[in-house]
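Colleague: What follows is a structure written as structure tokens; I'll ask about it next.
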Amino acid sequence: MGTISSTLDHPSRPAAVIGTEDEALTIIRALADVFGGAASEPGTAELRLELLSRSGLFGISVPTDNGGIDVSNTVLATVCCEAAARSAPLAEILAAHFVGLECLRSHGTEGQRKTVFAAALAGARVARGAARSGEALPLVSNGVVLRLGGEGFCTPCARHADWMLLPVQTGGRAVKLLLPVRSEGVHFVANTCEPAPGAAQAAEHVLLKDVAAEPDFLLQATGDAASVGVPRSLSLLLEAACRLGAARGVLERLLDAGASDPLAVGLFTSRLAATEAIIADAGRAIDAAQIGLADQHRINAFQASASALASAQAVAHVAASAGQEPPADVQLTAQAMEALEQSGRITIDAHRNGAPRDD
């Protein structure tokens, strides 16, 4: 895998070493505040991304055999949730990287894993890309090397990453290509990339013009691994976590603005708590799939993650009307309404008094 390692032209980063899951959560909360702040000064994007690289978060999912602490997938979801509450681009950057490393864990060769995991521990990042057409990008051979061309979109600030993981098709097979971002022929359309606070950021547009790739960069998935394998389940889980975090951010802003309808707040917090529990269960299912040998482990993980995403999308619908009246399609018994209203009052009072919440 000397080919991959030689493409890293970034100087060595003195990335922090995160030793525990609690430490990882403390760091992401601090970074979320940084990314969620105003972005008005020149160079802010680069400074924030460099801070992220040095934080050590890019290495927390690296397996212990490769020098990482291999945090649970529930913790990975919590990291993305905390990020999304303040900055959607930060959450997308982290989610893409974690899924990219899982693709290496599941489908990479020993050499690929050794090289990329070591780089991740040093602050290197994997971004994710997709063809603009929605299909895999064609990867063709000219008799000497493989060549790639086309248009794609990738996760925020991919120009500052080290690799992009792209879906490609070669020899009639759909596979993944780990493409160094600074390869000749890779062109990003926008001139700048600022991971702004708040709402989601548009995908970064990239042009690929006769880009050379080598077989060592290809990740081979077998059987049904691409459809219900661990990487796809983790992708669903982290998307759900990002949506949950965005909804939590909505609740915080509503409470800051003086949201006064206890029933609506109570309904919102109950949906948040339920979705958080579903996400935690899905994270544990993925943990089991990473070490289990039976196909049923992977199926369970996929189904649990799909349920988590559906629940997160439902809570996003509630977020759209939170702080107002409960949605008209929600049917509640008198007992449930009384309990939710009381729960909402507790949440509102706790926020006014500055007490931490456990929703």
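The values are calculated or read from the model by the stated rules, or taken from the named source; none is laboratory data. All of these numbers come straight from a predicted model, not from anything done at the bench. Ideal geometry is used to build each Cβ from the backbone, glycine not excepted, and the neighbour counts take in all protein chains shown. Calculation scope for accessible area: heavy atoms of the full protein, side chains included, ligands and nucleic acids excluded. Shrake-Rupley method; radii C 1.70, N 1.55, O 1.52, S 1.80 Å.
Colleague: Can you tell me which residues in region 196-217 are at pLDDT 65 or above and open to solvent by 20 Å² or more (accessible area, probe 1.4 Å)?
Modeller: Once the filter is applied, which keeps residues that are at pLDDT 65 or above and open to solvent by 20 Å² or more (accessible area, probe 1.4 Å), region 196-217 yields Gln201, Ala202, Ala203, His205, Leu207, Lys209, Asp210, Ala212, Glu214, Pro215, Asp216.
Colleague: Output the residue which, of all residues in region 1-38 that are out of contact with any helix residue (DSSP H, G or I) (no Cβ under 7 Å at 6 or more places or on another chain) and aliphatic (A, V, I, L, M), is modelled with the highest pLDDT.
Modeller: Ala30
Colleague: Pairs please, first residue from region 158-183 and farther than 21 Å from Leu94 by Cβ, second anywhere and surrounded by 20 or more Cβ atoms within 10 Å (Cβ to Cβ) and aromatic (Phe, Trp, Tyr), Cβ atoms under 6 Å, 6+ apart in sequence or on different chains.
Modeller: Short answer, once both residue conditions are applied: Leu177/Phe217.
Colleague: Restricting the first residue to region 239-251 and requiring it to be open to solvent by less than 30 Å² (accessible area, probe 1.4 Å), which pairs with a second residue that is among the aromatic types (Phe, Trp, Tyr) meet a Cβ separation below 9 Å and a spacing of at least six or different chains?
Modeller: Final answer for the pair search is Ala247/Phe268; Leu251/Phe268.
Colleague: At pLDDT below 95 and buried (at least 20 other Cβ atoms within 10 Å of the Cβ): which single residue out of Ser87, Ser61, Ser55 fits that description?
Modeller: Ser87
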